[in-house]
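Worksheet: the structure to be examined is printed underneath.
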Amino acid sequence: MDTRSRIDGLNKRFGIAGVAQVVAGHGGLPKVRVTSRAATAEISLHGAQVTQWKPAGAEEVLFLSEKSYWDAGHSIRGGIPVCFPWFGDKADDANAPKHGFVRTKEWRLDSMNALDDGSVTVVCITESDVATRPWWPHEFCVAYRMTVGAKLRLELTVINSGKTSMRFEEALHSYLRVGQVQDVAVRGLDGLAYLDKTDDFREKRQAGDIRFSGQTDRIYLKARDAVDVVDGMIGRIVRTEKVNSENTVVWNPGMEQTAKIPDFGDDDWQQMVCVEGGNVQTAAIELNPGEEHTLRITLSTVPA
């Protein structure tokens, strides 16, 4: 089936007239476009990745690189990639795809529903198959429920559908758009221990707000509370609230690291900050057969 016929079929089954439609995105990759009274958004079925979210009357919240690749072999640089079943490099295989394989996998659109408050819920699903088993032998199903409205609520549910226990890492890799990273403060992590990936994963402790002057790559431990990105230039606060998340990852590549990333523009590091909720390293999740786990992240904005 060609892409046009497939998109037409998805719209016939799931489309909501004037509110949510499946359209061809960059590179022909199918995406869901939401245009409701509460918000606009775009969700690529490639990776089940939210690439845009703009609450009504507000500016775009997510960063998306103009140099991003748009093909089945690459992840999309920006938005909110899904990291699963490992985070960063796979510990026992240097050749494995970074951050797991679901962010470069096409997900199945399962449902779209309009809610009374103007929000739209989109559910996508992916499962273990012949392509995933060489990288990770476990049988799983992941259901991702994305509710687009004045807030962006993301619920990632992992189900162990196999006969043995499985241990996995997960994160929702939110790229937040900022006016100028040097004018940004990240609040809510004061006093917490973190692993500094730029210093051989040494454990350190946060003192005050996070400020950015160069490469920053940190995994905060026992970080369960809300985190605010205070943006002086745009004049807003983007809040990340979490449920069933033990870690908050904060990342900005800085100028030198950005130059080594081909799908980043030279100045992109100044317009983004990643604040990611998840469970990684020693906080990885273990599920017995038949068990499930849901990670929930909610993004919202208020004036600074």
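Do we find a residue being under 25 Å from residue 246 (Cβ atoms), touching a Ser or Thr at 6+ places or on another chain (Cβ under 8 Å) and of a type outside the set (Lys, Arg) anywhere in the stretch 194-206?
Looking for residues that are under 25 Å from residue 246 (Cβ atoms), touching a Ser or Thr at 6+ places or on another chain (Cβ under 8 Å) and of a type outside the set (Lys, Arg), one finds at least one in the stretch 194-206, hence yes.
Answer yes if at least one residue in the stretch 273-283 is in a loop (DSSP other than H, G, I, E, B) and surrounded by fewer than 17 Cβ atoms within 10 Å (Cβ to Cβ), and no otherwise.
No, there is no match, as no residue in the stretch 273-283 is in a loop (DSSP other than H, G, I, E, B) and surrounded by fewer than 17 Cβ atoms within 10 Å (Cβ to Cβ).
Only one residue in 239, 218, 224 is in contact (Cβ under 8 Å) with a residue 12 or more places away in the chain, farther than 22 Å from residue 86 by Cβ and out of contact with any His (no Cβ under 7 Å at 6 or more places or on another chain). Which one?
239 is the lone residue from the list that is in contact (Cβ under 8 Å) with a residue 12 or more places away in the chain, farther than 22 Å from residue 86 by Cβ and out of contact with any His (no Cβ under 7 Å at 6 or more places or on another chain).
Are any residues in the stretch 231-266 more than 19 Å from the chain's Cα centre (by Cα), farther than 19 Å from residue 67 by Cβ and not small (Gly, Ala, Ser), and if so, which ones?
Correct list: 231, 233, 234, 236.
Could you please find all residues in the stretch 22-78 being acidic (Asp, Glu) and surrounded by fewer than 16 Cβ atoms within 10 Å (Cβ to Cβ)?
59, 60, 66, 71
Just to verify a result, which residue in the stretch 210-230, among those that are open to solvent by less than 20 Å² (accessible area, probe 1.4 Å) and under 20 Å from the mean Cα position of the chain (by Cα), is nearest to residue 303 (Cα to Cα)?
Step one: list which residues in the stretch 210-230 are open to solvent by less than 20 Å² (accessible area, probe 1.4 Å), which gives 210, 212, 216, 219-220, 223, 227, 229.
The next check asks that each one be under 20 Å from the mean Cα position of the chain (by Cα); those that pass are 216, 219-220, 223, 227, 229.
Details: 216: 25, 219: 27, 220: 26, 223: 24, 227: 15, 229: 11 Å.
Here the answer is 229.
For the list (1) open to solvent by less than 40 Å² (accessible area, probe 1.4 Å); (2) in a strand (DSSP E or B); (3) of a type in the set (Asp, Glu), I need the number of the one condition that residue 241 fails.
(1)
Are there strands (runs of 3 or more DSSP E) fully within the stretch 162-214 with at least 2 residues that are hydrophobic (A, V, I, L, M, F, W, C) and within 21 Å of residue 255 (Cβ to Cβ)? List them.
Per the criteria, 184-187.
Which condition from (1) more than 24 Å from residue 288 (Cβ to Cβ); (2) free of Cβ contacts under 8 Å to residues at least 24 places away in the same chain; (3) not in a loop (DSSP other than H, G, I, E, B) is the one that residue 124 breaks?
Result: residue 124 passes all but (2).
Looking at the stretch 81-91, is at least one residue buried (at least 23 other Cβ atoms within 10 Å of the Cβ), in contact with an Asp or Glu (Cβ under 9 Å, 6 or more places away or on another chain) and of a type in the set (Val, Ile, Thr)?
Yes, there is a match, as at least one residue in the stretch 81-91 is buried (at least 23 other Cβ atoms within 10 Å of the Cβ), in contact with an Asp or Glu (Cβ under 9 Å, 6 or more places away or on another chain) and of a type in the set (Val, Ile, Thr).
The values are calculated or read from the model by the stated rules, or taken from the named source; none is laboratory data. All figures in this text were calculated on a predicted structure; none of them were measured in a lab. Positions of Cβ are backbone-derived with ideal geometry, glycine not excepted, and every protein chain shown enters the neighbour counts. What goes into the accessible areas is simple: the full protein's heavy atoms, side chains included, and nothing from ligands, DNA or RNA. Shrake-Rupley method; radii C 1.70, N 1.55, O 1.52, S 1.80 Å.
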